[in-house]
Amino acid sequence: MKILVKFAAGLLVAASFASAASAQTVLRSSDTHPDGYPTVEAVEYFGELVKERTAGRYAVEVYHSAQLGEEKDTIEQVRSGVIELNRVSMAPFNGTVKETIVPALPYLFRSEEHMHKVMDGAVGDQIKTAFESAGLVVLAYYDAGARSFYNKQKPINSVADMKGLKFRVIQSDIFVDMVAALGANATPMPYGEVYSAIETGVIDGAENNFPSYDTAKHFEVAKNFSLDEHTILPEVFVMNKAAFDKLAPEDQEIFKQAAKESVAKQRELWAAKVKESRAKIEAAGATITTPDKQGFIDAMKPVYEKHAADPVLKKMVEDVQAVQ
């Protein structure tokens, strides 16, 4: 009889473990960058914290290297609920969430530290609220450093050197108009197509930060990097709002806290990666020049007049500039 009781108890324990395992909810997250990239590692760290703090009830699978599609595709996937999470540049949201136009404006942020203060403060909260109307919850803002132009034709030392060159840009009207204001030609295209487009001469170059220039190997086909630092555009880590709303209140807090801690992790990883990537591309023979930025700044007036004319956005720009 005792044997039967122990056997039955064992079955109950096994059944409870099986039930717990089957109760686990796996959340899918997309990233266009490769494995090991700071944003990929940050979301993986977020997933580890969530899994630990929910006792395994939730797990996060990160699909790096655009396995689920380029950013434009995955934005639609997360909004429709096909995937639950997405790490993406903020610029592609410009047509959906108008408040994201502000951090995408060229030369808005004075430094990465200034951007951190803004996005960690009231303006960042305002943008988070705006995302909810698009069916998304912002969990975190991640670093993407300063974006600069690079090309295969020549070093760029002034705005005059930009004339006639063809650059790939993010699929954002602001970026198209920014390049046009500098006398160059903008070609919006998915990130994954840039290398071959430069190599075959479809475009002369692109614009991005040091880690992307490195990890996408663009330095192999476009060796002239101009440190104009036209935008310091934060990345955004979002969750489908319907999926977030289904979480128990205590789990929502776990997700928020895990995301907050992942920001500190990502910033640390980002700073290290920028130094590593710059050293690597210089060793590979890329030429880095620092142009006269004032000429670039002066050329941005029509971009602001067109994209920041809305009273709400104009006030946001003033609020950003007031942050010390």
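The values are calculated or read from the model by the stated rules, or taken from the named source; none is laboratory data. Since the model is a prediction, treat every value here as computed from it, not as a measurement. Neighbour counts are summed over all protein chains in view; Cβ atoms, including those assigned to glycine, are modelled from backbone coordinates with ideal geometry. In case anyone asks, the SASA skips ligands and DNA or RNA and just uses the protein heavy atoms, side chains included. Shrake-Rupley method; radii C 1.70, N 1.55, O 1.52, S 1.80 Å.
Values as computed for the structure displayed
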item	result
Scan of the stretch 146-175 for residues that are hydroxyl-bearing (Ser, Thr, Tyr) and buried (at least 20 other Cβ atoms within 10 Å of the Cβ), ordered by number	Ser148, Tyr150, Ser172
Inter-residue pairs, beta-carbon under 8 Å, first over 8 Å from Ser148 (Cβ atoms) and hydroxyl-bearing (Ser, Thr, Tyr) and in the stretch 202-230, second at pLDDT 95 or above and assigned to a strand (DSSP E or B), 6+ apart	Tyr213/Tyr150; Tyr213/Phe225
Number of the condition not met by Val50 [criteria: (1) surrounded by fewer than 17 Cβ atoms within 10 Å (Cβ to Cβ); (2) at pLDDT 95 or above]	(1)
Residues located in the stretch 36-68, provided they are hydrophobic (A, V, I, L, M, F, W, C), in contact with a Ser or Thr (Cβ under 8 Å, 6 or more places away or on another chain) and part of a loop (DSSP other than H, G, I, E, B)	Ala66, Leu68
Helices (runs of 4 or more DSSP H) lying entirely in the stretch 161-217 (those with 1 or more residues that are among the polar types (S, T, N, Q))	194-199, 210-215
Some residue of the stretch 129-138 being open to solvent by 60 Å² or more (accessible area, probe 1.4 Å) and free of Cβ contacts under 8 Å to residues at least 60 places away in the same chain	yes
Candidates Thr96, Thr39 - the one that is of a type in the set (Val, Ile, Thr) and within 15 Å of the chain's Cα centre (by Cα)	Thr39
Residues that are open to solvent by less than 10 Å² (accessible area, probe 1.4 Å) and without any contact (Cβ under 8 Å) to a residue 60 or more places away in the chain, drawn from the stretch 109-128	Gly124, Ile127
Ile203, sole failed condition from (1) β-branched (Val, Ile, Thr); (2) closer than 27 Å to Ala322 by Cα; (3) crowded, with 23+ Cβ neighbours inside 10 Å	(2)
Any pair with Cβ under 8 angstrom, 6 or more apart, that starts in the stretch 152-165 at a residue that is under 9 Å from Leu182 (Cα atoms) and ends at one that is aliphatic (A, V, I, L, M) and not in a helix (DSSP H, G or I)	Val159/Leu182; Val159/Ala299; Met162/Ile156; Met162/Leu182; Met162/Ala184; Lys163/Ala184
Hey, Met178 touching a helix residue (DSSP H, G or I) at 6+ places or on another chain (Cβ under 7 Å) and open to solvent by less than 10 Å² (accessible area, probe 1.4 Å) or not	yes
Cross-chain or 6+ apart pairs with Cβ under 6 Å, the stretch 269-295 first and closer than 21 Å to Arg110 by Cα, then surrounded by 15 or more Cβ atoms within 10 Å (Cβ to Cβ) and basic (Lys, Arg)	none
Condition check for Asp143: surrounded by fewer than 23 Cβ atoms within 10 Å (Cβ to Cβ) and closer than 25 Å to Ile75 by Cα	no
Number of the exception - Ala186 against (1) more than 24 Å from Asp292 (Cβ to Cβ); (2) touching a residue at least 12 places away in the same chain (Cβ under 8 Å)	(1)
Wholly enclosed strands (runs of 3 or more DSSP E) of the stretch 223-324 bearing at least 3 residues open to solvent by less than 10 Å² (accessible area, probe 1.4 Å) and at pLDDT 95 or above	224-231, 235-240
Filter pass, Gln266 being at negative phi and in contact (Cβ under 8 Å) with a residue 12 or more places away in the chain	yes
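To keep it simple, each residue is scored yes or no on (1) buried (at least 17 other Cβ atoms within 10 Å of the Cβ); (2) free of Cβ contacts under 8 Å to residues at least 60 places away in the same chain; (3) farther than 29 Å from Tyr304 by Cα.
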position: Val62; (1), (2), (3): yes, yes, yes
position: Asp73; (1), (2), (3): no, yes, no
position: Ile83; (1), (2), (3): yes, no, yes
position: Arg87; (1), (2), (3): yes, no, no
